[in-house]
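Computed from the coordinates by the stated procedures, all read-outs in this text should not be read as laboratory data. Note that the structure is predicted; figures quoted are calculated from it, not measured. Quick reminder, even Gly has a Cβ in these numbers, built from the backbone with ideal geometry, and neighbours come from all protein chains shown.
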Amino acid sequence: MDAQIKQAVDAQLSANGLTKTDSDKADLYFGYQIAVDQEKQWNAYGMGGAIRWGGGMATATQSTINVGTLVLDMYDPSTKQLVGTGNATKTIDPSSNQEKNQKHLNKAMEKLLKNYPPKQK
């Protein structure tokens with residue numbers, strides 16, 4: 001997952017005109033944190049019967065979904081200060097197709113970094 005996140009961030013920053021460097025003299029440092037939380041989801045289904053008169057059938061099922069949050073922080077290396085942060089949240093299925101997960105991750109990074117770097121006025 002680490003490699004997928006780094007690839008998504010690198011691709012989006014490159015598309016926005018920034019160049020990656022391994023030098024200590026970078027203009028900006030990026031760091032990320034991820035968290036996955038499980039939440040309950042209720043699905044209700046009903047059919048038949050008028051509401052006024054009752055009747056019909058209804059059922060509800062509960063399932064557990066994974067919700068992932070990625071926080072991307074930007075630091076100024078000279079002042080060691082946080083200069084920007086953003087986050088993306090998405091329902092995820094770690095056991096699903098990895099290509100699909102990468103596509104979701106790329107789309108999240110595109111949204112997160114669409115206005116970075118800020119346009120000069």
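Things to note:
- Radius ratio Rg over Rh of the chain, counting only Cα atoms, Kirkwood formula for Rh: 1.21
- For the chain, the longest principal axis of the Cα atoms and the long axis of helix 98-112 meet at an angle of about 70 degrees.
- Under 22 Å from the Cα of residue 107 - lysines, other chains or at least 8 residues apart: 6, 20, 90, 119
- Residue 91-residue 27 FRET efficiency (beta carbon distance; Förster radius 35 Å; 0.05 resolution): 0.50
- Listed cross-link partners 25/114; 80/111; 80/100; 80/103; 40/114 are compared with a 30 Å cut-off, the Cα-Cα value being larger for 80/100; 80/103; 40/114.
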